[in-house]
Amino acid sequence: MLAMKPRISIVFVVLLAAIPLSAAQGGDGVDQADAKAALLEAYPGLFTISGNTVTWSDGATMVWDDGKARTAEELIKSPDIEDMFHYVYPTASAGDLIPDVDFDPGRIRNEAFFKKLYGASAAAVGHHLTTVKWLPKLGKYPVRITSLFGVDARLSKISNALQEMPADMSRFGLKPGGGFNWRVIAGTDQLSVHSFGAAFDINVGYSDYWFWNKPDDKGRIPFKNRIPLSIVTLFERQGFIWGGRWYHYDTMHFEYRPELLLYKEKQG
Ligand SMILES: [Zn+2]
C-alpha cells in the first residue's frame, strides 16, 4: 500500500494539469465573450473582433489577448486590450466601498487602442474637440472635450442635471479641474485619458488623490473620498466611470469608459 502512494499523487497531479480552463475565460478570469461584446457595443462600427484579432475599419489590426500573465503593476504599464477588463468596475449602486489593494478598474488602458479611438497626437485629438459650457447657470466654466461618441453632449446632460440639484450637491461641480489636456499621468510615461478629451475632473477643492497620502503601517494607502455617490450616478448614466472606485483613487476624475459599464452589466 505504501508503494502506491506516490503513484496516486502523480495521477492526481496529472489529472489537475489536464483540467482545461473554461473556454469562456482566459487565464486571468476575464469573460471573453462578454468583454468582446462590451467593447463592440461601446464603440460601434469602428472595428471587429475575430478570435484574437481586433481589426479596425482601415485594416489596422491589434492583438486582443497576448496571453501574458501580468502583475498589477504590469497591467497598468503595458496591458493588452483584453486586460482592460481585468477588474469589474463596481457602479455607484454598490454603495460606499473601500477598494482592495491594487483594485483599479479603469486604470488599465491599452494606449494604442485609445490612440486609435481618439487620435494619436494632440493635433489629431484636437480635430474632435469642442467646448461644453459646464454649469452655465452657476458660473463660466468652458470645458474642452471630445465630440466623439457624443461625449460632449453627454457631459452637457450631466451639467444640466447637476445645476438643477440643490447647492450642497452642485457645489461638487464648481471650479472643475477640466477636460482635454495632452499629458502623461504624474510619475509615469503613460498618457492620461485627459489627453484624448474623454475625461473630466470636477471640483478640485473636493478632490482626494492616492498619491497625496502616505501608506499606513501595513503599506496600505488609506482611502479618502468626499464626492457623493449621487454625483457619480449622474456620470455613470452617461457612460463615465469614476476614479473613486480605484485603490489608486482620484476622486475628482471621471472618464468615458462605456465598455466597463457594459461589461459590469453583463457580468451582473
Ligand atoms: Zn482627471
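Read-outs throughout are calculated quantities, based only on the coordinates presented, and are distinct from any laboratory measurement. Computed from a prediction, not measured in an experiment: that's the story for all the values here. In this analysis, Cβ positions are derived from the backbone assuming ideal geometry, glycine residues included, and neighbour counts consider all displayed protein chains.
Would you work out if the chain is rounded, prolate or oblate? Take a ≥ b ≥ c from the square roots of the eigenvalues of the alpha-carbon gyration tensor; rounded if a/c is under 1.5, else prolate when a/b is larger than b/c, oblate otherwise. Don't skip to the answer; put the middle values down first.
Numbers: a/c = 2.30, a/b = 1.61, b/c = 1.43.
It is prolate, given that a/c is not under 1.5 and a/b is the larger ratio.
Report the local net charge at Ser230: Lys and Arg +1, Asp and Glu -1, summed over other residues whose C-beta lies under 14 Å from its C-beta. Don't skip to the end; give the middle numbers.
On the way: positive: Arg171, Arg226, Arg237; negative: Asp96, Glu164, Asp168, Glu236.
Its environment carries a net charge of -1.
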Residue-averaged 222 nm ellipticity for the chain, from DSSP H runs of 4+ at -39500 (n - 2.57), nearest 500: -8500 deg cm²/dmol
For the pairs Lys36/Lys116; Lys137/Lys157; Lys77/Lys266; Lys77/Lys116; Lys36/Lys68, flag any whose C-alpha to C-alpha distance is greater than 21 Å. Lys77/Lys266
Taking the Cα centre as origin and putting +1 on Lys and Arg beta-carbons and -1 on Asp and Glu beta-carbons, what dipole magnitude results for region 16-267, to the nearest 20 debye? 1020 debye
